[in-house]
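The values are calculated or read from the model by the stated rules, or taken from the named source; none is laboratory data. No experiment lies behind these values; they were computed from the predicted model shown. In this analysis, Cβ positions are derived from the backbone assuming ideal geometry, glycine residues included, and neighbour counts consider all displayed protein chains. Each accessible area value is taken on the protein alone, full model and side chains, heavy atoms only, with ligands, DNA and RNA left out. Shrake-Rupley method; radii C 1.70, N 1.55, O 1.52, S 1.80 Å.
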Amino acid sequence: MEKQRIRKFIKSGRRLLVILLAIFCSSQAFTQTISWEQIRQLKITPDEGQALYTKTDIKFSVTIPNARSSQVQVLSTEQKSDITFRTIRKSDNYEKNGTTIEIWYNFSKKGTYHLKPVSVMIKNRRRSIEFNPITVTDDPAKMNPRIVLTFTDGTIIYSDEANNSSPLLKIQTGKKLNFTVNLQYATQLMQFSWDIPKDSIFTRTEEFEFAEVRYRERTYTHDLIPVAAFEWTGLVPGIQRIPVFHLTATSYNGVRTELLLPEFLIEFVESEADEISDNKIDIFSDAFYQEEETSPVYTSSPMSDKECLTLANYYSKEHNEFLLYLKARRMRINFEESCGLVVSPNPIFPTFFLYLAIIMIIVSAICIIFAYRNRHKIRILIFTTLLLIGIAVLVFCAVKRNEHYGISSGCKIYSIPQINAESVSEIDSGIRVRILERTGKWYYIEVGESGGWCSTEDIFLIK
């Protein structure tokens, strides 16, 4: 009995020793001191994945190691007048064996901020924890579209900023001033035009994709969307206004907005004698420079409305012919050549293939029936495959037949279906166009890679 008591006593002692050791280790973990160097390395940073916009609560956080939440006390969170303190939260962080402090601020103005350090009390010792610099911007989803001009020397002009009465730039006459017209906070460009300045050479050197009337994905961003690049050469010394650009754009909220660039000035100064002599040839050669066409060029002889209607009828016959398809195609090509038109390398999808698909389906179905009666499994498989191919071709042909085409009698292309809208381009008579949409008396047509609206009276349908 005495031996059993001794054994129980030893066993209980071991358990007590293990418990005391565990308590001691855990207490040591929480009673570890945090050095001044560790505090200096701590930075309060905004949490990842949140938008750093004005008038939005932005969350900042920092984790203090080796300190329980009861041992940490925040003393001051004061900032500048344009920064509003919202709330603060303190919690234990068991993964890092410390305390996490979370602070929310609201910024009224955009810009880069260097916030004041937060004063905290850690284990009865006063410490300061600094912030990382933060850049806050306006919410692009709430911004109105604007014109932005960017010059090669880094100068930027915004249409919603007040203009300056003094010239922005000084440039010698005869030298080229290059800049790009950009659009910001918009999903679609509806109209784009500009006024040509006097006593100067003003040319558009590049037109970007956004200048074509197309929708962009509605992604809210501060990025600049280039519209067109220009080159401006002043010929006479003096102060001139930057050309007035007129843009109509659709904002992120779907509202159409008319934009106009305010009055900004450029001063052209007299060039030095040697520069004048060097640039004289360039100036007058540029005066006769004609900008290359960026849109597809169609060379065709002028055709009358009767000839355009005849060509549309030839296309219609070719489109619907079955047994005499090749003959109808040859007749259409001969007529185009006689009118001086460039023969289209991509003919309209013929109905000939639709009829072939129907015949294939009927013949395959009949053969499947006979093969099933005679119990020829291989033949059944072969004709079933042909039947499926015929059905696929039939569906493809049905889709292609829904495409609508027409022959232009010579018309202007507009950015929107309105007679007083800006003309985007012009196409000659006899040109085949694809019709994508109809609104009232307007067709939306596609020629090459460009498109726009034209009157239904200017298009002869290919039926």
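Side notes on the structure shown:
- Checking each residue in the range 131-150 for being buried (at least 16 other Cβ atoms within 10 Å of the Cβ) and in a strand (DSSP E or B) picks out PHE131, ILE134, VAL136, ARG146, ILE147, VAL148, LEU149, THR150.
- Residues being of a type outside the set (A, V, I, L, M, F, W, C), surrounded by 15 or more Cβ atoms within 10 Å (Cβ to Cβ) and either within 22 Å of GLY448 (Cα to Cα) or in contact (Cβ under 8 Å) with a residue 24 or more places away in the chain (or both) - total across the range 369-410: 8
- Of the listed requirements (1) more than 23 Å from GLU336 (Cα to Cα); (2) modelled with pLDDT under 85; (3) in contact with a helix residue (DSSP H, G or I) (Cβ under 9 Å, 6 or more places away or on another chain), LEU388 misses just one: (2).
- With respect to the conditions (1) in a loop (DSSP other than H, G, I, E, B); (2) open to solvent by less than 40 Å² (accessible area, probe 1.4 Å), GLU95 lacks only one, and its number is (2).
- Boolean, VAL433 is open to solvent by less than 20 Å² (accessible area, probe 1.4 Å), within 23 Å of VAL399 (Cα to Cα) and modelled with pLDDT under 85: no
- The single residue among SER81, SER128 that is of a type outside the set (Asp, Glu), modelled with pLDDT under 90 and either closer than 30 Å to TYR252 by Cα or not in a strand (DSSP E or B) (or both) turns out to be SER81.
- Complete set of residues in the range 151-175 that are open to solvent by less than 50 Å² (accessible area, probe 1.4 Å) and without any contact (Cβ under 8 Å) to a residue 60 or more places away in the chain: PHE151, THR155
- Extreme residue, modelled with the highest pLDDT, among residues of the range 326-380 that are part of a loop (DSSP other than H, G, I, E, B) and under 14 Å from LEU311 (Cβ atoms): CYS339
- From the options LYS109, LYS116, residue that is open to solvent by 20 Å² or more (accessible area, probe 1.4 Å), out of contact with any strand residue (DSSP E or B) (no Cβ under 7 Å at 6 or more places or on another chain), over 27 Å from LYS142 (Cβ atoms) and not in a strand (DSSP E or B): LYS116
- Failed condition for TYR443, given (1) surrounded by fewer than 16 Cβ atoms within 10 Å (Cβ to Cβ); (2) touching a helix residue (DSSP H, G or I) at 6+ places or on another chain (Cβ under 7 Å): (1)
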